[in-house]
Amino acid sequence: MAENSSSGGTSMYSAPTRSDDPAWAHGQVVPGVKAASICIYCNKRINGGGVTRLKYHLAGIKGEVEACKKVPPEVKWQMKQMVDEMTTEKERRKRIRTDIGNSQSASNDEEIAEGDIRSQTSRRTTVQGTSTSGRRIPLFAPRTTPGSQPSIRSAMATKEMEHNARIAVATWWYDANIPFNSANSYYYQPMLDAVASIGPGFKGPSFHDLRGPLLKDVVHNVHEYILSIKADWRVYGCSIMADGWTNRKNAPIVNFLAYSPRGTVFLKSVDTSGLRKDKETLLEMFDEVVKEVGQENIVQFVSDNEASFKAAGKALQQRYGTFFWSPCAAHCIDLMLENICDPRYFPMIDETIKKARNITKFIYNHAWVLALMRKEFTNGHDLCRPGITRFATHFLSLQCLLKFKKELRQMFTCTKWVESSHGKSRVGNEIAAIILQDNDFWPRCAHIVNVSEPLVRVLRLADSEEKPSMGYLYEAMDKAKEAIKIRLKNRMSQYGPYIRVIDARWDKQLHSPLHAAGCFLNPGIYFRPSFSKQREVTRGLLTTIMRLVPDCDTQDNIIAQIEEYKRATGLFGVTVAIRNREKLNPVSWWEQFGIDTPELQKFAVRVLSQCCSATGCERNWSVFEFIHSKKRNRLEHKRLNDLVFVRYNLKIKQRNMSRTRDALDPISLDNIDLLNEWICEEPGLLDGDDISWESIEAPFATLNLDDEETCVNEENELGGDDQLLECLVDDFPYVPQPDQDPYFYINDVVEDQHRSATSGAPPGHHKLPFSTPPPQGQPPQPPLPGDNGR
C-alpha cells in the first residue's frame, strides 16, 4: 500500500510495503516510518527491525524488545519457532540455499534468515498465502499428533529431505536392533515432533542421561500419573493382583499391580531368585505390598491358584480381616478347559484336538499349501484362533476349522492339490484322510465346540478390563452351564461329565462370597424375573459385609438399607431407575440412584468396581526380558525397579487412555506363543464389545490374543488337587462320541474297573460291550466327578 503526495514542494516517500511473512498477520506497518511495526494484541509500537523484532516481541524473547503480554499462547509458540528457524537458517545458509533453490549471494545473510519465505514468494500478491495462479501457499505442514506444531522448515522440506530423514531413523533402528512394532508406540511420533521443533543441531540424550537424570524425571512423571489414579481408591477401592512367573532365564519373578475402574497401575516387580517360594516368603512379600497400598483401600487380593500363592493369600486375608483373597477366575476357568481336554478324563477330545493340530501344522509348514488355502479357499483367513490361554486357543481353533470345513474339503479334492507333490506324499494323504474320510472327526469337533464355547466366553468376560466384571461372574457361570445343557439336548447323561468338572472347580476353588455379593448388588441381574438364587447370593453378601465393613454401626445401617434395595422403594423404585437397571453399568447405577442409602451405596460401589482375574497383570511379561537379564545385572536394584516401573506403567497408561480393545493389547504385541502348537503366523484381534454376561450362549465374533498361561493345579482343602484329579480319572476315563449316549460308557467304565480288579489288567484294557439303557422314566444317576451333593 503506497501513498504518494506532495506538500509545499516537499516530496513524500512511499510507505513501507510489508512482505508476505506470516508474522505480519499479527502486526501492522507504521505509515511513514521505516522498519516500524505495531502489535495487534497490545498495540505496542516497535521501532526498527521490521518483522524480525515483531517476531521477538510476540515470542517473548527478552533482550531484543519488550515481550507482549497479551499474545495468545499458540501464536507465541509459533513465533518462537520462527525465531529459532531464522537462527538455524543463518548458521547453515549454504545448505538452505541448496535445498530451497536460493541463488542469492552469501553476503545477504540477514536477508536469507529473515526473508526465506519472501524470496520464494515475490510474485505472490496477498498476505493470505495465495499465488498468482490461485494455489494456496503451504505455510504450515499438517499436524502429525495432537498438540504438535510444524516448523517453517518442515513446511518447506523436499521429498528428498524427508527420505533422508527416514533413512537416518531406519539406520539407527536397525543398528540398535529395536523391534519393528516399537514404531507403534504411543510415544514414538511425539518424540519425533519434539526433536523436529528444535531443529538441526539437537543432540540426543547420552548413555548417562538415559540411565540417570532422565530416568529419574520420567519416574517422577509416572508417579504423578499414578497419584491421580490412587485418589480414587478411597471411593472405589482396588484389587491387588499378584502373578508369579519364570522368565526365559529360569529366574522366578513376582509382579504386583493394582486394578481399579480408573485404570490398572503397575506397583513393582520382585526377583525371587535365591528365595524359597513358600507360604511364609510370599506372605511377607504380599504384606509389604498391602502396607504400601493401604489396607483401607484394598477390597481383594487376587493371585493364581498355585498352592503356595493360595496358602499365602488366605493367611494374608486372615491377618488383616478387612479384605478377601480371591483366586484368579481366568486361571480356574482355564483349569476347567484343561480338564475337559485332558486325555486321562476325556480321551476323545484330546484325540480330536491332536488331529486338528496336525492339520494346521501341515498347512502352515508348507508354503505352497498355505498359499493355496489363503488365495483360493479361505479368502486370506487363517485356521488358528488365538485365545486368552493355551486351552482356550485349542477350542477356538477347533471352532475355526469348523467354520472352514467346506473350504478345506474343497481344497483337498481340487485338481491342484491332487496333482501336487504334497497331495501324493504320505503325510498329505493322511491329512486329506482326516478331512475327507474320517467320519468321526467333524461331528466330534462340533460336539467339543458346543461344550467349550460357553466356558471360553466366560473366560473372556473374566479377563476383560473394559469394565469391572465382579457383578457378572456368578450369573455368567450359571448361564454357561445352562447353555451346555441346552446344547446337549438337556440329556443328563450327555452333559453330566462336563458339568461335574465345572462344579468341582467352581465350588472348591473359584467361588467366593465377593462374587455372590457382586451378583446380589447388580440390579440388572438381581431384579430379573428369571433370577432364582437370591438365597444363595444373600449368604455371600452378608459374609462380604462383615469382612469389608469392620464398624458394627455401619454394618447395621447397610443391613437396614438393603431392604429398600430389595423392595425397590425410594429412588430404587422410580421409573428411570427401573428402566436403567440393565442399561447402566452397576457402578454408575448405584452412583445415580443410591444416594438415599449412603452406606449401602459406598459398599456396593466398592464391591462392583473390582475385577475377577489376575490376568490383567499377565499381558506380556516379555516386557521384562530385557531388564531381568544378565545384560543388565550391573544395574543396582533401584534402577532396575525404576526401569520396570516406567516401562510397564507407560504401556498401561496408554491402554487406560484408549479404554478400547478393538486391537491387540499394547502390552502383548510381542507375544504369539499361544499359537506355537497350531503354527499360526498372524495374531488375531480382540474385540470386547460383545463381552457380556447375557451373551454366554452366543457364537464368537472376534478373537483374543494374550500371553500363554501355565496353569498349576492347586492343593485344595480336601487333600490337594491330585485327589480331585484321581476322582475324575477313576470315574471318567472315557467320553462318548457325539451320537452315542454317555450312560452306556458310564456303565461300561464301572464294569471295566470291576474286571480290572479281578483280572489285574489296567482299566480300559477290555473292549466293553454297550449296556442296556435304564428303564424308561428312571434317569441315570452316574457317579459324576466332583460330586458335592448338590
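For the peptides 203-209, 599-605, 454-460, the ranking by packing is 454-460, 599-605, 203-209, with the highest mean count of neighbouring Cβ atoms within 10 Å listed first.
Fully extending the segment from residue 375 to residue 307 would add 19.6 nm, taking 0.36 nm per residue of separation and subtracting the current Cα-Cα distance. A straight Cα-to-Cα reach below 24 Å connects residue 485 with the lysines 403, 508, 533, residues fewer than 8 places away in its own chain not being considered.
Between residue 35 and residue 436, the simple label model (points 7 Å from Cα in the Cβ direction) yields a spacing of 9.1 nm.
Shown here: region 158-198, whose C-alpha atoms stretch 28, 20, 15 Å along the first, second and third principal axes, sorted largest to smallest. Spin-label pair residue 227-residue 287: with each label point 7 Å from Cα along the Cα-Cβ axis, the two points sit 3.0 nm from one another. In terms of overall dimensions, the C-alpha atoms belonging to region 444-503 reach 36, 21, 17 Å along their principal axes, ordered largest to smallest.
Taking region 201-347 as the region of interest, the number of lysine pairs whose Cα atoms are within less than 30 Å, with members eight or more places apart or on different chains, is 28.
Sorting 158, 544 by the number of Cβ atoms found within 10 Å of their own Cβ, with the fewest placed first, yields 158, 544.
A simple packing score, the average count of other Cβ atoms within 10 Å per residue, orders the peptides 573-582, 480-489, 304-313, 326-335 as 326-335, 304-313, 480-489, 573-582, with the highest score first. Each of the peptides 175-183, 419-427 was scored by the mean count of other Cβ atoms within 10 Å over its residues; in descending order, highest first, they stand as 419-427, 175-183.
If you wrap region 322-368's Cα atoms in a convex hull and average its projection over all directions, what's the area in nm²?
Projected area, direction-averaged: 5.2 nm².
For region 182-247, taking Cα atoms only, Rg and Dmax work out to 17.6, 50 Å respectively. The alpha-carbon of residue 76 sits under 23 angstrom from the alpha-carbons of these lysines, leaving out residues fewer than 8 places away in its chain: 44, 55, 62, 90. Rg and Dmax, both from the Cα atoms of region 409-472 and both in Å, are 19.6, 58.
Computed over the Cα atoms of region 294-341, pair by distinct pair, the Kirkwood hydrodynamic radius stands at 11.6 angstrom.
Bear in mind these aren't lab numbers, they're just calculated from the coordinates by the rules spelled out. Note that the structure is a prediction, hence the values are computed from the model and not measured. We place every Cβ from the backbone using ideal geometry, glycine too, and count neighbours over all the protein chains shown.
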